[in-house]
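> Got a structure here, written out as structure tokens. Questions coming.
The values are calculated or read from the model by the stated rules, or taken from the named source; none is laboratory data. Nothing here was measured: the structure is a model prediction, and the numbers come from that model. Virtual Cβ from ideal backbone geometry, glycine too; neighbours counted across all protein chains shown. The protein model used for the area step is the full one, side chains on, heavy atoms only, and it has no ligands, DNA or RNA in it. Shrake-Rupley method; radii C 1.70, N 1.55, O 1.52, S 1.80 Å.
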Amino acid sequence: MEQQTLSQHFNAKEVEGRLYQAWLDLDAFKADPESRKPPYTIVLPPPNVTGVLHIGHALTCTLEDILVRHKRMQGRNVLWLPGTDHAGIATQMVVERHIQKEGINRHDLGREKFVERVWQWKAESQTTIVSQLKLMGCSLDWSRLTFTLDESVSLAVRECFTRLYREGLIYREQAIIQWCPRCRTALSDLEVKSKAVKGKLWSIRYFRSDDPSQSLVVATTRPETLLGDTAVAIHPSDERYQAFRNASVLVPLQDRVIPVIQDDYVEMEFGTGALKITPGHDPNDYLIGKRHGLGVISLFDDRAVLNEKAGVYQGLSREKAREKVLADLAEKGLLVKEEENLHNVGHCDRCNAIVEPRVSAQWFVNAAELAKPAIEAVENKEIKIIPEEWEKTYFEWMRNIRPWCISRQLWWGHRIPVWYCGDCGHHTVSVADASACEKCQSTALKQEEDVLDTWFSSGLWPFSTLGWPKETADFKTFYPNDVMETGFDILFFWVARMIMLGKKMTGKFPFHTVYLHPMVRDEYGQKMSKTKGNVKDPLEIVETCGADALRFTLASMAVHGRDVLLSDARIEGYRNFVTKIWNASRFVLMHFGTVTQENADMSNEINRWVWSRLNETKREVNAALEQYRFFDAANALYRFVWSEYCDWYLEFIKSDLESRKAANDTTAVQVLEEALRLLHPLMPFVTEEVWQRLPIRQAKASISACDYPSFAPEHHDAKAEERVGRLIAVVDAIRSKRGESGLSPAVEIDVRIHASPETLQALSVFEGLIQKLAKTKTLLFGSGTPGKDVVIALAFGVETIEIRIPRGQLVDQETDRKRILKEIESTQAELDRAVARLTSPGFVGKAPPEVIEGAKNRKEVLEKKLGVLRMSLKELESA
């Protein structure tokens, strides 16, 4: 047959686009609801249509693509469903900023025109995201691409809302919510990030209403909200305020009478032990107010500007009102004390504005009721969370879950399917657009202006994408999904809500496994951010190093419970791995590219060894992928392909290459072919490109359609692994000593090996290989008189092998002494830098704990290395 060859270099740019289009032409990623193969389903966490993919998305799609390619090759009917998310607040903010450059805002355009502009933005963003996912090699079924505002998803959203409403699990009420004055919308508790802020604690005097000679002092971090006070609270057991029980006080600056109440919530040790109660602007105060029947005074409008209830302070922002209130309190002698205070302040997760707790009429979900089966599912392992330590966090949040505010005062999103009657005031909830009031039949209806929280529609993603509420073929075949792979940061935002809504709507939990991948940080453990300048763009990495290198880097570092610390050096290292695979494949094709039939010589011990090592790698990789240990799978593959196959096996066979070729021994090709199939889910492009040129391969159009290699008992050969493993250990020990001595590869040396008779007999079989690979002039087994030798004590299993090399042959004493002195100098300098770093307040005070721990470990390694070098110098000088 015609000689198969590869070009000198792997051109990732040319190969990746060509191969991806070939996969699409083959429909290689398309799922079939009519197939009899067992289904396997993953839905891609839909990226927001706010921009482009970031490195976190790259990790997500890499790990999911590994899972689905693995399962597809195992014969499963795989559906990996792609989609994008409308991302309500986030996308509306992006588009608002965009049109501001034109000198207009959304109110200038009006709702309809503004939403049209957002749809235009979505079209461009989704096109970009899809192209980027393809560049990463993602084997998604593009025929099922879904958007969270697609008509089919909108139908599912309305159906879910209507069902929950009719069961009383969705309701509308006046309640305190978290309000963002910049986004001008309600937020759920999860969309508020608490940050420690350096502020002040002000102590303010409140006079007793019926006796101005008596007063109590209240400590507060928000003096401007005293204009909305409806009570002062003390603890029932606080003897300091005995005289104020059942009394009333005057609100400072207003002289409005409010009661003094007693409540266990008050902490006697905090501040003065007296607490101002402002139900309109503090969630805890709101609950206290409900317990005691207090009224609510709402002071702020939707921009956090004080309204008419604030009197002379009307029209001021929160910050300006605070300044004026404090000045007025001081002028009247009511400001008792001001002290520094570190306290937590809620910020909008999207725009970082300080949120304002505010009483408002909103739509809520009774999340506590929905959470019950979701808690039980994880308790009884019906749903498994990996890593398992996240279960504790899941339980803590779910067992203390609060009502979920789902209404948002936005223009972009799923409009709430509620219509208000202009005649009787009744509201109608309907899946279809309401045409008449269900109470009075009036047609004077107006739909609710608010839209739903983005996470409400996202919570339906595992089944709304499959056609629910219709009983489609896709829904029947591919629901429930198998695994939800995503970041731990949205365990509650998204994962918990999918579990709750999935069970309630379909009667089945949406998946059996939740795999939470780690966060990607820079090489120093810092979170990536544009302000720090340490952001790594996955598409730039693909452009320079290729998708395979990036994918393998991310997989190899996705260790349970640890952040992925991404460095250029690691990516470069795995790009070298791609090159290693390419060059090894070129060598094999150069010598065995014309073979036509499998003819592996199993009488050859080196062949039996490589088959056995490949077999063990199959076992390790399959087990690792089944347990979502991507890092173990990657490391096992790297060890076998780079070290055992390329560095050892291919070197071994060079000694009898011509005889192997003459005998048509196809072991090198067959092992390479299986290794490529093992690697394919992690490195799809280079493996496909090489596999297509192999003279012996499975009869498939693509490697992605081939069988995934599995453990074969007949290829396990413990004896061959032991014997060849011993050979490798001996050669490696001699090579290491040569390298330490700076010996030229061309210089041959004398070697004597001492061991048990059985070991010497086993090694002597490989005498020619040892001589060639270790570059020995003479090789003696267990004979000769000891002289001034360098002795290598090699521990192998339960035995010790002694390897002796004449000292004078390795290197002359003076050259060796200079080498050691130079290494001591460089090691000492590096150690000094490590010590300086660890004693620097700037580093110790700011660096993350894991980075500090790594620096300490490096210092210990350098200290040990320095000790060994000094001992070597001492032995050399005393010889």
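> Would you pick out the residues in the stretch 556-584 that are in a helix (DSSP H, G or I) and basic (Lys, Arg)?
570, 575, 580
> Can you name every one of the helices (runs of 4 or more DSSP H) wholly within the stretch 71-135 that holds 3 or more residues which are touching a residue at least 40 places away in the same chain (Cβ under 8 Å)? Show your work before the answer.
Values: elements: 88-100, 106-109, 111-135.
Counting at least 3 such residues, we get 88-100, 111-135.
> Is there any pair with a first residue in the stretch 647-666 that is charged (D, E, K, R) and a second that is open to solvent by 50 Å² or more (accessible area, probe 1.4 Å) whose Cβ atoms are under 8 Å apart and which are 6 or more apart or on different chains, and what are they?
660/601; 665/599; 665/601
> Starting from residues that are under 23 Å from the mean Cα position of the chain (by Cα) and closer than 30 Å to residue 450 by Cβ, keep the ones in the stretch 376-407 and report whichever is most open to solvent (accessible area, probe 1.4 Å).
Selected residue: 397.
> Starting from residues that are open to solvent by less than 40 Å² (accessible area, probe 1.4 Å) and more than 49 Å from the chain's Cα centre (by Cα), keep the ones in the stretch 785-794 and report whichever is modelled with the lowest pLDDT.
Of all residues in the stretch 785-794, those open to solvent by less than 40 Å² (accessible area, probe 1.4 Å) come to 789-790, 792, 794.
Within this subset, residues satisfying the condition of being more than 49 Å from the chain's Cα centre (by Cα) are 789-790.
Working: 789: 72, 790: 69.
Per the stated criteria, the residue is 790.
> I'd like the full set of residues that are in contact (Cβ under 8 Å) with a residue 12 or more places away in the chain, in a loop (DSSP other than H, G, I, E, B) and farther than 13 Å from residue 497 by Cβ, limited to the stretch 371-404.
382, 383, 387, 389, 402, 403
> Hey, residue 773 hits all of (1) of a type outside the set (S, T, N, Q); (2) loosely packed, with under 12 Cβ neighbours inside 10 Å; (3) assigned to a helix (DSSP H, G or I); (4) in contact with a Lys or Arg (Cβ under 8 Å, 6 or more places away or on another chain) but one; which does it fall short on?
All conditions are met except number (2).
> Of the residues 615, 599, which single one is part of a loop (DSSP other than H, G, I, E, B) and either crowded, with 21+ Cβ neighbours inside 10 Å or of a type outside the set (Val, Ile, Thr) (or both)?
Working: 615 fails: part of a loop (DSSP other than H, G, I, E, B).
Answer to the check: 599.
> Spot the failing condition for residue 704; the list is (1) farther than 30 Å from residue 621 by Cβ; (2) surrounded by 19 or more Cβ atoms within 10 Å (Cβ to Cβ); (3) among the hydroxyl-bearing types (Ser, Thr, Tyr), and only one is missed.
Going through (1) farther than 30 Å from residue 621 by Cβ; (2) surrounded by 19 or more Cβ atoms within 10 Å (Cβ to Cβ); (3) among the hydroxyl-bearing types (Ser, Thr, Tyr) one by one, residue 704 breaks only (1).
> Within the stretch 722-751, how many residues are open to solvent by less than 40 Å² (accessible area, probe 1.4 Å) and within 22 Å of residue 643 (Cα to Cα)? Quick ask: steps written out before the conclusion?
Here is the first cut: in the stretch 722-751, the residues open to solvent by less than 40 Å² (accessible area, probe 1.4 Å) are 724-731, 733-734, 738, 741, 743, 749-751.
Checking which are within 22 Å of residue 643 (Cα to Cα) leaves us with 724-731, 733-734, 738.
Matching residues across the stretch 722-751 total 11.
> Taking the stretch 683-700 as the region of interest, how many residues are over 23 Å from residue 664 (Cα atoms) and not charged (D, E, K, R)?
Looking only at the stretch 683-700, we keep the residues that are over 23 Å from residue 664 (Cα atoms), and these are 683-689, 700.
Cutting the leftovers down to not charged (D, E, K, R) gives us 683-687.
Residues that pass the stated criteria total 5.
> Now for a separate question. Filter the stretch 41-52 down to the residues that are open to solvent by less than 10 Å² (accessible area, probe 1.4 Å) and within 19 Å of residue 516 (Cα to Cα), then identify the one that is modelled with the lowest pLDDT. Give the derivation first.
From the stretch 41-52, those open to solvent by less than 10 Å² (accessible area, probe 1.4 Å) are 41-44, 47, 49; that's our starting set.
If we keep only those that are within 19 Å of residue 516 (Cα to Cα) as well, we get 41-44, 47.
Working: 41: 98, 42: 98, 43: 97, 44: 97, 47: 94.
The extreme case among them is 47.
> The conditions are (1) open to solvent by 20 Å² or more (accessible area, probe 1.4 Å); (2) modelled with pLDDT of 95 or more, and residue 678 fails exactly one of them. Which is it?
Of (1) open to solvent by 20 Å² or more (accessible area, probe 1.4 Å); (2) modelled with pLDDT of 95 or more, only one is false for residue 678: (1).
> A further question follows. Would you check which residues across the stretch 275-302 are farther than 17 Å from residue 222 by Cβ and in contact with a strand residue (DSSP E or B) (Cβ under 8 Å, 6 or more places away or on another chain) and list them?
292, 294, 302
> Among the residues of the stretch 382-396, what is the count of those that are in contact with a strand residue (DSSP E or B) (Cβ under 9 Å, 6 or more places away or on another chain) and among the acidic types (Asp, Glu)?
Summing the residues that are in contact with a strand residue (DSSP E or B) (Cβ under 9 Å, 6 or more places away or on another chain) and among the acidic types (Asp, Glu) in the stretch 382-396 gives 1.
Table: residues versus (1) aromatic (Phe, Trp, Tyr); (2) out of contact with any helix residue (DSSP H, G or I) (no Cβ under 9 Å at 6 or more places or on another chain); (3) more than 30 Å from residue 818 (Cβ to Cβ).
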| site | (1), (2), (3) |
| --- | --- |
| 715 | no, no, yes |
| 719 | no, no, yes |
| 724 | no, no, yes |
| 728 | no, no, yes |
| 731 | no, no, no |
| 736 | no, yes, no |
| 741 | no, no, no |
| 750 | no, no, no |
| 755 | no, no, yes |
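The rows are residues; the columns are (1) under 25 Å from the mean Cα position of the chain (by Cα); (2) crowded, with 17+ Cβ neighbours inside 10 Å.
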| site | (1), (2) |
| --- | --- |
| 547 | yes, yes |
| 553 | yes, yes |
| 567 | yes, no |
| 589 | no, yes |
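> I've got another one for you. In this structure, is residue 678 assigned to a helix (DSSP H, G or I) and under 30 Å from residue 513 (Cβ atoms)?
On the way: assigned to a helix (DSSP H, G or I): yes; under 30 Å from residue 513 (Cβ atoms): yes.
Judged against the criteria, residue 678 is a match.
> Another question about this same structure. From 782, 797, which residue is at pLDDT below 90, more than 30 Å from residue 870 (Cβ to Cβ) and either of a type in the set (Lys, Arg) or in contact with a Leu (Cβ under 6 Å, 6 or more places away or on another chain) (or both)? Step through it out loud before you land on a result.
Working: 797 fails: either of a type in the set (Lys, Arg) or in contact with a Leu (Cβ under 6 Å, 6 or more places away or on another chain) (or both).
After applying the criteria, what remains is 782.
> Scan (1) under 22 Å from residue 351 (Cα atoms); (2) open to solvent by 30 Å² or more (accessible area, probe 1.4 Å); (3) of a type in the set (D, E, K, R); (4) in contact with a strand residue (DSSP E or B) (Cβ under 9 Å, 6 or more places away or on another chain) for the single condition residue 85 breaks and write down its number.
(2)
> If the requirement is being β-branched (Val, Ile, Thr), touching a Lys or Arg at 6+ places or on another chain (Cβ under 6 Å) and in a helix (DSSP H, G or I), which of these qualifies: 477, 553, 544? Before you say what the answer is, go through the steps one by one.
On the way: 477 fails: touching a Lys or Arg at 6+ places or on another chain (Cβ under 6 Å); 544 fails: touching a Lys or Arg at 6+ places or on another chain (Cβ under 6 Å).
That would be 553, the only listed residue that is β-branched (Val, Ile, Thr), touching a Lys or Arg at 6+ places or on another chain (Cβ under 6 Å) and in a helix (DSSP H, G or I).
Condition check ((1) farther than 30 Å from residue 445 by Cα; (2) among the polar types (S, T, N, Q)) across all residues:
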position: 381; (1), (2): yes, no
position: 396; (1), (2): yes, no
position: 400; (1), (2): yes, yes
position: 403; (1), (2): no, no
position: 412; (1), (2): no, no
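> From the list 27, 65, which one is over 30 Å from residue 407 (Cα atoms) and open to solvent by 10 Å² or more (accessible area, probe 1.4 Å)?
Working: 65 fails: open to solvent by 10 Å² or more (accessible area, probe 1.4 Å).
Going through 27, 65 in turn, just one is over 30 Å from residue 407 (Cα atoms) and open to solvent by 10 Å² or more (accessible area, probe 1.4 Å): 27.
> Between a first residue in the stretch 696-711 that is closer than 15 Å to residue 685 by Cα and a second residue that is modelled with pLDDT of 95 or more and of a type in the set (Phe, Trp, Tyr), which pairs have beta carbons less than 6 Å apart while being 6 or more apart in sequence or on different chains?
As it stands, the answer is 703/691, since those pairs meet every condition given.
> Under the condition of being outside any strand (DSSP E or B) and touching a Ser or Thr at 6+ places or on another chain (Cβ under 8 Å), which residue from the stretch 169-211 is least open to solvent (accessible area, probe 1.4 Å)?
Here is the first cut: in the stretch 169-211, the ones outside any strand (DSSP E or B) are 169, 181-184, 188-191, 209-210.
Next, from what is left, pick out any that are touching a Ser or Thr at 6+ places or on another chain (Cβ under 8 Å): 209-210.
Details: 209: 45, 210: 106 Å².
That would be 209.
> Continuing with the same structure: Counting only residues that are polar (S, T, N, Q), in contact (Cβ under 8 Å) with a residue 40 or more places away in the chain and not in a loop (DSSP other than H, G, I, E, B), how many does the stretch 1-39 have? Explain how you work it out, then say what you get.
Looking only at the stretch 1-39, we keep the residues that are polar (S, T, N, Q), and these are 3-5, 7-8, 11, 21, 35.
Filter once more, so that each one left must be in contact (Cβ under 8 Å) with a residue 40 or more places away in the chain: 3-5, 8, 35.
After this cut, where a residue has to be not in a loop (DSSP other than H, G, I, E, B) as well, the list is none.
Adding up the residues that qualify gives 0.
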